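Notes for the one structure printed next.
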Amino acid sequence: MSREIARRDFLKAAAAGAAGIAAASVLGGAGALAEDKPEAAKAFEGKKKFAGIGSVREITDDIVYIGVSDRRIQLFENVYPIPRGVAYNSYVLLDEKTVLFDTVDRSVTGQFFENLTAVLDGRDLDYLVVNHMEPDHSSAISEVLVRYPNATVVCTKAAALILNQFFACDISDRSILVDEGDTLKVGKHTLTFVMAPMVHWPEVMVSYDDVSGALFCADAFGSFGALNGNLFADEVDFEKDWLPDARRYYCNIVGKYGSQVQDVLKKAATVDIKILCPTHGPVWRENLGWILEKYSLWSSYTPEEKAVMVVYGSVYGGTESAANALAARISQGGIGDVAVYDVSKTHGSELIAEAFRCSHIVLASITYNMGIFTPMKNFLLDLEAHNLQNRCFAIIENGSWSPASGRLMKEIVERLQGCSIVGETVTILSSPDNGDSDALTALADAVTASVQNEESAAPEETEEAAGKKWVCKVCGYVYEGDELPEDYVCPVCGAGPDLFEEA
Ligand code: FEO
């Protein structure tokens, strides 16, 4: 058995959760789910009440939060450290019909089903709206469908496809596939579905409730961090306690897809949103403009602050010493917001978030194997992968015999859209000495003047191209030109030319 198949079986079993192996086999083949609905449902007869109690919060009279926080997880997506844990948000709308918006990660399904059962209070589930199919929100879908055999899934065509790919769960006989602007009346509430491709996967949509003004917005406006009873952003000191994790979440998870986020923000501006219900982190019911403004800055790659981050990669301390000397001179020049980071020690997700925050970035690296120090190179390639734009960089290089890191770092920076180099590269030979002082002071002065005198770099205006347009059917990216190249690859999702259609 191949490793891939083994993993697929594991995911299927995990999806079945408490339903166990029997339920997993029920879900194993296309079409099997419908035939075995009554039998599968019997497994849960009489289990309206579970051990424990629901931990839920009312958002409105008829919208209830039933999400669950995970404080045991160490790495989100097996990459990002989350010492404060994370919340997987899910919501129920109780109208003439009952509607569940998204589910949770497999790690917290026990509490999730207690919550769902408590909120439904004996009612059946009519609809499961899948705004986002990533497994941290969809791992419980299969079990929901077993427990509630009358529930209809409402999702995009792409979500249905990916659901089957991950969990071998064929919903073709019990789904409504929706597209831009489709609506679903569930009583006094009408839901409108708005496509949000690549925020953060291609199948993503958001759902708007016309009665409450709630937008169930998938990963958008989410944050790392477990919820601690407080659900709403206005119940916590968000700026002090949550903003760093919200920024780190956005920049690392969705940061690459700024133009797609901008598209959703434009759509959002056309409706009266009163509540933002993301799939992670606090719910927003007050001061929505504040978080929308943050998203506008982040997604347009506009620096959030006029600030300097100094990132150094050092082995024996010489480069570190030069970086500290530069930071001290920049601060002496009157820039208060300066932060120094050891690239070998600081997690890349922290550095990416800080790069999205700061207007200026100083790179100080040794030369290593005739190249850039590996952690620094990884950081720069990560910046490029996250599409960072519109920043000012300054460079310090170090080399004991053939300094090369400055030139190589500059080559990567020059690939970043809207980015420029400030001042002259300072070259250190092993350790900085008095002879390097003037060069460091000159570079600090150049950075300081740039921070003080320049307006925050604004995204470059792009002129409307006069040629034809082709739209990527996977993610919505638009290619403009005379002809779509035969070997074209979508820069957002990697789709080939066969997946583009002329607009
Ligand atoms: Fe929280 Fe893109 O999943």
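The values are calculated or read from the model by the stated rules, or taken from the named source; none is laboratory data. Predicted, not measured: the structure shown is a model, and the values here were computed from it. Using ideal geometry, Cβ is built from the backbone for each residue, glycine included, and neighbour counts are taken over all protein chains shown. Only protein heavy atoms, including side chains, enter the accessible area calculation; ligands, DNA and RNA are left aside. Shrake-Rupley method; radii C 1.70, N 1.55, O 1.52, S 1.80 Å.
Worth a mention:
- Among residues of region 63-83, those that are more than 19 Å from the chain's Cα centre (by Cα) and either of a type in the set (S, T, N, Q) or under 12 Å from D105 (Cβ atoms) (or both), counted: 1
- Taking the numbered list (1) within 16 Å of the ligand (Cβ to nearest atom); (2) open to solvent by less than 20 Å² (accessible area, probe 1.4 Å) in turn, F113 passes all entries but (1).
- Residue within region 395-409 that is of a type in the set (K, R), outside any strand (DSSP E or B) and touching a residue at least 24 places away in the same chain (Cβ under 8 Å) present: no
- Criterion violated by L416 - all others in (1) part of a loop (DSSP other than H, G, I, E, B); (2) modelled with pLDDT of 95 or more; (3) exposed (fewer than 15 other Cβ atoms within 10 Å of the Cβ) satisfied: (3)
- Residues that are within 24 Å of C155 (Cβ to Cβ) and open to solvent by 30 Å² or more (accessible area, probe 1.4 Å) were ranked within region 196-251; the one that is farthest from the chain's Cα centre (by Cα) is V211.
The rows are residues; the columns are (1) open to solvent by 30 Å² or more (accessible area, probe 1.4 Å); (2) under 26 Å from V451 (Cβ atoms).
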| position | (1), (2) |
| --- | --- |
| V264 | no, no |
| A269 | yes, no |
| D272 | yes, no |
| L276 | no, no |
| E286 | yes, no |
| S299 | no, yes |
| V315 | yes, no |
| N324 | yes, yes |
| R329 | yes, yes |
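- Test: D179 is more than 15 Å from the ligand (Cβ to nearest atom), part of a loop (DSSP other than H, G, I, E, B), under 16 Å from V206 (Cα atoms) and not aliphatic (A, V, I, L, M): yes
- Of the residues V211, V199, the single one that is among the β-branched types (V, I, T), within 14 Å of the ligand (Cβ to nearest atom) and part of a loop (DSSP other than H, G, I, E, B) is V199.
- A246, sole failed condition from (1) free of Cβ contacts under 8 Å to residues at least 12 places away in the same chain; (2) aliphatic (A, V, I, L, M); (3) within 16 Å of the ligand (Cβ to nearest atom): (1)
- Candidates I291, I330 - the one that is of a type in the set (V, I, T) and not assigned by TED's automatic domain parsing to the domain that holds F379: I291
- Screening G258 against (1) at pLDDT 95 or above; (2) open to solvent by less than 10 Å² (accessible area, probe 1.4 Å) leaves a single unmet condition, (1).
- For H280, the conditions (1) open to solvent by 10 Å² or more (accessible area, probe 1.4 Å); (2) closer than 27 Å to R71 by Cβ; (3) at pLDDT 95 or above are fulfilled apart from (1).
- Taken over region 129-167, the criterion of being within 13 Å of the ligand (Cβ to nearest atom), in contact (Cβ under 8 Å) with a residue 40 or more places away in the chain and either open to solvent by less than 10 Å² (accessible area, probe 1.4 Å) or touching a strand residue (DSSP E or B) at 6+ places or on another chain (Cβ under 8 Å) (or both) is satisfied by N131, H132, M133, D136, H137, S139, A159.
- Yes/no for D95 being within 12 Å of the ligand (Cβ to nearest atom) and either assigned by TED's automatic domain parsing to the domain that holds V283 or among the aliphatic types (A, V, I, L, M) (or both): no
Every residue, every condition in (1) over 30 Å from C217 (Cα atoms); (2) at pLDDT 95 or above; (3) of a type in the set (S, T, Y), yes or no:
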residue: G29; (1), (2), (3): yes, no, no
residue: E45; (1), (2), (3): yes, no, no
residue: T60; (1), (2), (3): no, yes, yes
residue: I63; (1), (2), (3): no, yes, no
residue: Q74; (1), (2), (3): no, yes, no
residue: Y80; (1), (2), (3): no, yes, yes
residue: G85; (1), (2), (3): no, yes, no
residue: D102; (1), (2), (3): no, yes, no
residue: R106; (1), (2), (3): no, yes, no
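- Just so you know, in region 214-231 the residues that are assigned to a loop (DSSP other than H, G, I, E, B) and among the aliphatic types (A, V, I, L, M) include one that is farthest from the ligand (Cβ to nearest atom), and it is L231.
- So R106, is it surrounded by fewer than 19 Cβ atoms within 10 Å (Cβ to Cβ) and either touching a residue at least 24 places away in the same chain (Cβ under 8 Å) or not acidic (D, E) (or both): no
- Just one of the numbered conditions (1) under 19 Å from L128 (Cα atoms); (2) at pLDDT below 95 is not true of F50: (1).
- Among the residues making up region 184-195, those that are more than 16 Å from the ligand (Cβ to nearest atom) and within 28 Å of the chain's Cα centre (by Cα) are L184, T190, L191, T192, F193, V194.
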